[in-house]
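Here it is, the structure in full.
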Amino acid sequence: MNKKTIVICVMVAILFAGTIFYYSWAVNDRNSQITSLNTQITNHNNEIANQKNEISNLTAQVLSLKGQAAKLSYLTSANLVTTLGITEVPGSSSSYMGGLVPTPVRFNYLFIEGSVTNTGKGTAYNAGLHVVAYSANGTLEINMTVPLDDGASFGSDKATDAYLNVSSSPTLGALYSEQTADIYVNIFHEGTVSTWTVTPVWTNSKLP
């Protein structure tokens, strides 16, 4: 074998060895990168799992707080239940009202009698009955809130207020838990009412 052939063989061997070394290095480098990426994926998955656990814990805390708030609301909230009879009474048929109003009676009145009970655990502040009544042709005759009173008369406008000499903004009171108020209320109005709604109203704090 001549020198030229030997040189060529040596160069081919060196080139082949270099190629093997390069690809071996490249494969090892890629494997190292893959291992690093797998490690990052594992870390990210662990972070996601931890965040899911945190979210689950926070959700449980929120639900617990909501439950506590609901329990607190139950313990501090009032609930008014009514047992009432309501009648529209012509003023002309009422010649005597026990001194409650001037006679002869000039106006018709809505007579409300019965009771209101606070079945809640909290005190009902600013408690009263919101009364809305209409005449047969749909005219609004009464729209006001009256106290839970036993033996009181109220006007529904300036004319009936003046007739009764009462305030058009009666003061509302409080009804304690399990307390019952007897109701005997007359609401004087102009015209004649044929339909009405009477709804108990209150607040769970002293503020209006």
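The values are calculated or read from the model by the stated rules, or taken from the named source; none is laboratory data. Please read these numbers as outputs of a predicted model, since none were measured by experiment. Quick reminder, even Gly has a Cβ in these numbers, built from the backbone with ideal geometry, and neighbours come from all protein chains shown.
Condition check: assigned by TED's automatic domain parsing to the domain that holds Tyr134, surrounded by fewer than 16 Cβ atoms within 10 Å (Cβ to Cβ) and either among the hydrophobic types (A, V, I, L, M, F, W, C) or touching a strand residue (DSSP E or B) at 6+ places or on another chain (Cβ under 6 Å) (or both). Does Ala162 satisfy that?
yes
Let me ask another. Scan the stretch 140-163 and report the pairs whose first residue is of a type in the set (D, E, K, R) and whose second residue is surrounded by fewer than 18 Cβ atoms within 10 Å (Cβ to Cβ) and assigned to a strand (DSSP E or B), with Cβ atoms within less than 8 Å and a gap of 6+ or a chain change.
From the stretch 140-163, the pairs are Glu141/Tyr134; Glu141/Ser135; Asp149/Tyr184; Asp150/Asp182; Asp150/Tyr184.
Further question: Can you find a residue that is polar (S, T, N, Q) and either touching a strand residue (DSSP E or B) at 6+ places or on another chain (Cβ under 6 Å) or assigned to a strand (DSSP E or B) (or both) anywhere in the stretch 124-133?
yes
Right, here's the next one. Checking the condition part of a loop (DSSP other than H, G, I, E, B) and not polar (S, T, N, Q), which residue from Pro170, Pro200 passes?
Exactly one of Pro170, Pro200 is part of a loop (DSSP other than H, G, I, E, B) and not polar (S, T, N, Q), namely Pro170.
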